[in-house]
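**Q** I am attaching a structure below and will ask some questions about it afterwards.
The values are calculated or read from the model by the stated rules, or taken from the named source; none is laboratory data. On a predicted model such as this, the values are computed, not experimentally measured, just so you know. FYI the Cβ positions are ideal-geometry reconstructions off the backbone, even for glycines, and counts take in every protein chain you see.
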Amino acid sequence: MTEIKQYLDNLENALKEKYPDQKEYLQAVAEFMGTIEPFLMKNPIYVEKNILELLLIPERLIEFRIPWMNDRGEWKVNTGYRVQYNSALGPYKGGMRFHPTVNQSIMKFLAFEQIFKNSLTSLPIGGGKGGSDFDPKGKSDGEIMRFCQSLMQELQKYIGPNTDVPAGDIGVGGREIGYLFGEYKRLNGYQSGVLTGKPLAYWGSLARTEATGYGLVYFVQHLLNDQKETLKDKKVLVSGSGNVAIYAIQKAQELGAKVYGCSDSSGYVIDPDGIDLELVRDIKEVNRERINVYLTQRPKAKFYEGKNIWEATIAYDIALPCATQNEITPELAKIMVKNGVKVVAEGANMPTTLEALEVLNDNQIIYCPGKASNAGGVAVSALEMAQNAQRLPWTFEKVDQELNQIMKNIYETCRDTSLAYLSKEDLVAGANMAGFEKVAKAMLSQGLV
């Protein structure tokens, strides 16, 4: 065992001992640590200065209570988090997630991944994440408004346009961002750059809603172009039917792919004639119904209740997991292999377990990690910050063009970095090494040693 490998193992073991119950955080760290050794072998100064130990611990972790009143006049309490992980490259940047599963481990995993994702965009933003175990499902607009106002009364102490700029994530869309922004404005005055993902009426960015889904497909497009292929007639399955999934389906279809399935937490649908995107949008965005309603207007489609879409046994080329973490297990990865999948590109954060990744790698399936392939959302969030600072709105076409170029640059950076250090294309290792290098250089030059 090399000294560097021993150094990495010691750091990881220390974290396991300190945070034994934080499985999502430890998983994200393990994925990163398993790829960084070749970079450190050629750049031992980062071991000598112990940059990694600094990087593994958040600069600041804020946990607070959120009391709010429901429509029946009853007081409820939830827990809020903001993990300000690393500011070497700029103000903390990352979404707010409202979901019952939110806990400190998930917040730290998301914020840790965000460091490298933001670094890969080459935009001046650091890594952060936040959210609450509040469940917006089934809540009235009034309840969500009161919750968001209560959350912001505490969060506003720690954020600002040049300090920490939250955005949306699971459970946090334009409605929630609006309520959060309104409360911040009441307390601090109008500062358009304090949140991104804002409605267009007050300095939101065109193409922000579409950005993560579009960016995911642009990443795959550039990957295929590198192999002298295109998306035309490629068969695709997408997990999820929320914002990321919907716009990934839209862009994939625009570029000629055939999308045959999507899902939600109740099950998945397969449509042999191809997914009717407008119907899915009507079901999920307008009526907020379950995906099985799709069959009422598309009788040829089939709904598989309570099933994971990656259990489907149909031939397809590209998998776009856009739902949640750890949705692809080793068993499901083996089904993908049998189905002839060639590319797995993550639209969600860490949807593939480490064991499933081994299965994909063993079978030469190209794997695009979320910290690279789903960076389009935060990239356009940073472009929204630029528009806010300039007091100038950009056209949809300009933002979309910038997004496409950023995703092209991210893919090429991951590819070229892996080739430089491994002499083979490994997008996970490339993303981790390239993302780490920029952050580590900044930390070193700023005297954070």
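**Q** What tally of residues in the range 416-436 results from selecting those that are surrounded by fewer than 20 Cβ atoms within 10 Å (Cβ to Cβ) and in a helix (DSSP H, G or I)?
**A** Selection size over the range 416-436: 4.
**Q** Might you check whether a residue that is of a type in the set (A, V, I, L, M) and outside any helix (DSSP H, G or I) occurs anywhere in the range 278-296?
**A** No, the range 278-296 contains no residue that is of a type in the set (A, V, I, L, M) and outside any helix (DSSP H, G or I).
**Q** Could I ask something else about it? Among the residues of the range 44-64, how many are over 22 Å from THR163 (Cα atoms), surrounded by fewer than 18 Cβ atoms within 10 Å (Cβ to Cβ) and in contact (Cβ under 8 Å) with a residue 40 or more places away in the chain?
**A** Matching residues across the range 44-64 total 6.
**Q** ALA315 passes all but one of (1) surrounded by fewer than 13 Cβ atoms within 10 Å (Cβ to Cβ); (2) over 23 Å from ASP233 (Cβ atoms); which number fails?
**A** Unmet for ALA315, out of (1) surrounded by fewer than 13 Cβ atoms within 10 Å (Cβ to Cβ); (2) over 23 Å from ASP233 (Cβ atoms): (2).
**Q** Follow-up question, since we're still on this one. Go through the range 10-30 and count every residue that is without any contact (Cβ under 8 Å) to a residue 24 or more places away in the chain and more than 19 Å from THR353 (Cα to Cα).
**A** Going through the range 10-30 one residue at a time, the tally reaches 5.
**Q** Just one of VAL269, VAL286, VAL244, VAL259 is among the β-branched types (Val, Ile, Thr) and either surrounded by fewer than 21 Cβ atoms within 10 Å (Cβ to Cβ) or at pLDDT below 95 (or both); which is it?
**A** Residue meeting the stated conditions: VAL286.
**Q** Further question: Can you find a residue that is more than 16 Å from the chain's Cα centre (by Cα), in a helix (DSSP H, G or I) and within 17 Å of ALA440 (Cα to Cα) anywhere in the range 55-64?
**A** yes
**Q** If you don't mind, there's one more thing I want to ask. For GLY182, are the conditions met, namely being outside the structural domain of ILE249 (by TED's automatic domain parsing), surrounded by fewer than 24 Cβ atoms within 10 Å (Cβ to Cβ) and in contact with a Phe, Trp or Tyr (Cβ under 8 Å, 6 or more places away or on another chain)?
**A** Criteria not met by GLY182.
**Q** Name the residue, out of VAL359, VAL449, VAL439, that is within 30 Å of GLY171 (Cα to Cα) and either at pLDDT below 95 or surrounded by 20 or more Cβ atoms within 10 Å (Cβ to Cβ) (or both).
**A** Among VAL359, VAL449, VAL439, only VAL439 is within 30 Å of GLY171 (Cα to Cα) and either at pLDDT below 95 or surrounded by 20 or more Cβ atoms within 10 Å (Cβ to Cβ) (or both).
**Q** Another question, if that's okay. Quick one: ALA167 ticks every box in (1) assigned to a helix (DSSP H, G or I); (2) under 23 Å from the mean Cα position of the chain (by Cα); (3) crowded, with 24+ Cβ neighbours inside 10 Å except a single one, so which number is it?
**A** (1) is the only condition that ALA167 fails.
**Q** While we're looking at this one, here's another question. Does any residue of the range 71-78 turn out to be over 30 Å from GLN149 (Cα atoms) and among the hydrophobic types (A, V, I, L, M, F, W, C)?
**A** Within the range 71-78 (the criterion being over 30 Å from GLN149 (Cα atoms) and among the hydrophobic types (A, V, I, L, M, F, W, C)), the answer is no, since none of the residues qualifies.
**Q** Moving on. Residue by residue through the range 361-385, note down the ones that are among the charged types (D, E, K, R) and either farther than 26 Å from GLY34 by Cα or without any contact (Cβ under 8 Å) to a residue 24 or more places away in the chain (or both).
**A** ASP362, GLU384
**Q** Ok, one more. Given the structure, is ASN349 surrounded by fewer than 21 Cβ atoms within 10 Å (Cβ to Cβ) and under 30 Å from GLY95 (Cβ atoms)?
**A** no
**Q** Have a look at LEU444, LEU403 and point out the one that is of a type in the set (A, V, I, L, M, F, W, C) and surrounded by fewer than 17 Cβ atoms within 10 Å (Cβ to Cβ).
**A** LEU444
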